[in-house]
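Below is one structure; the comments refer to it alone.
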Amino acid sequence: MHNANSSSAELKTQSRLEWQNKEPLFMKKAHLPSKTCLVCQRSFDWRKKWEKCWDEVKYCSERCRRNRQKR
């Protein structure tokens, strides 16, 4: 019976460690990636709407995207 309790405790510990090692479902605002806008040189942070195309995002706003060739 003692072995059953110890194996149950080991499973709980193992599952707790696995849970702690998983990536979170959300990110805290302080840990969001950021980039610098190519037009205005301001820093801007990751947004949910850019989730799938973050690598292609170059401008912080629609305004900067439209004005990219003026500078």
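The values are calculated or read from the model by the stated rules, or taken from the named source; none is laboratory data. Remember, predicted model here, so these are calculated numbers, not experimental data. A quick note on method: Cβ atoms are made from the backbone with ideal geometry, for glycine too, and the neighbour counts reach across all protein chains shown. When the accessible area is computed, the model is the full protein with side chains, heavy atoms only, and any ligands, DNA or RNA have been set aside. Shrake-Rupley method; radii C 1.70, N 1.55, O 1.52, S 1.80 Å.
Within the range 64-71, can one find any residue that is modelled with pLDDT of 65 or more and touching a Leu at 6+ places or on another chain (Cβ under 9 Å)? The answer is yes, given that some residue of the range 64-71 is modelled with pLDDT of 65 or more and touching a Leu at 6+ places or on another chain (Cβ under 9 Å). Taken over the range 39-51, the residue count meeting the criterion of being modelled with pLDDT of 95 or more and either part of a helix (DSSP H, G or I) or open to solvent by 90 Å² or more (accessible area, probe 1.4 Å) (or both) is 2.
Taken over the range 52-71, residues that are under 13 Å from THR36 (Cα atoms) and outside any helix (DSSP H, G or I) amount to 5. Regarding the range 8-27, can at least one residue be identified that is surrounded by 11 or more Cβ atoms within 10 Å (Cβ to Cβ), at pLDDT 95 or above and not small (Gly, Ala, Ser)? Among the residues of the range 8-27, not one is surrounded by 11 or more Cβ atoms within 10 Å (Cβ to Cβ), at pLDDT 95 or above and not small (Gly, Ala, Ser), which makes the answer no.
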